[in-house]
Amino acid sequence: MALDVDPARCERIHQNLQRLGLQAQVRAADAAEPSAWWDGRPFDAILLDAPCTASGIVRRHPDVRWLRRESDVAQLAEQQKRLLTALWPLLRPGGRLVYCTCSVFRAEGDAQVAAFLAHNSTALLRPGPGHLMPSNAATGGGLPDNRSSDHDGFFYAVLQKSALDAPARPDA
């Protein structure tokens, strides 16, 4: 299942799925309002590509600097928190949620995840790089597991739901 609040973006998702020869149920819906779209079956995995300031893509889209205000960071961080809070209960015990943004700001990355972990005892942070700062081959700041080339700034965290809350299996 793929969700986006913007129907035009849903059309782009359909186009990309078709181009790649893949299928998915695509819905225009607010992920923070699961009662409007969720069927009650827990997900094994969730990818939350959260709305953000896009600070990590400034080198490719320099207009981002003029399209965002300082107050946007707090507003977007609140929206990210709302999405994390709404989607976490939809994940089965043992499942994973990947939270990502194309932001280099701590409020949209490390700080967001730290606050989430402080309020969710069933959430475990899995190993990962966290913030990836923009780089290119000329500056030599590449990632050790990627080929040396240009890349944008990015943040991601893998959160795993503790299996402690899982119901006992009859065969266990």
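Quick note: the coordinates plus some simple rules give every number you see, no bench work behind them. Since the structure is predicted, the reported quantities are computational estimates derived from the model, not experimental observations. No Cβ is skipped: glycine too gets one built from the backbone with ideal geometry, and neighbour counts run over all protein chains shown.
Structure notes:
- The phi torsions of the range 85-95, fed into the Karplus equation with coefficients 6.51, -1.76 and 1.60 and a -60° offset, translate into couplings of 5, 6, 8, 3, x, 7, 8, 6, x, x, x Hz, rounded to whole numbers, with Gly and Pro shown as x.
- Residues whose amide H comes within less than 5 Å of that of Thr122, counting only those at least five positions distant or on another chain, are absent (H built at 1.01 Å from N in the peptide plane).
- Around Arg82: net Lys/Arg minus Asp/Glu count, Cβ-Cβ under 14 Å: -3
- Two-site FRET efficiency, Asp39 against Ser71, from Cβ-Cβ distance with R₀ of 41 Å, rounded to 0.05: 0.65
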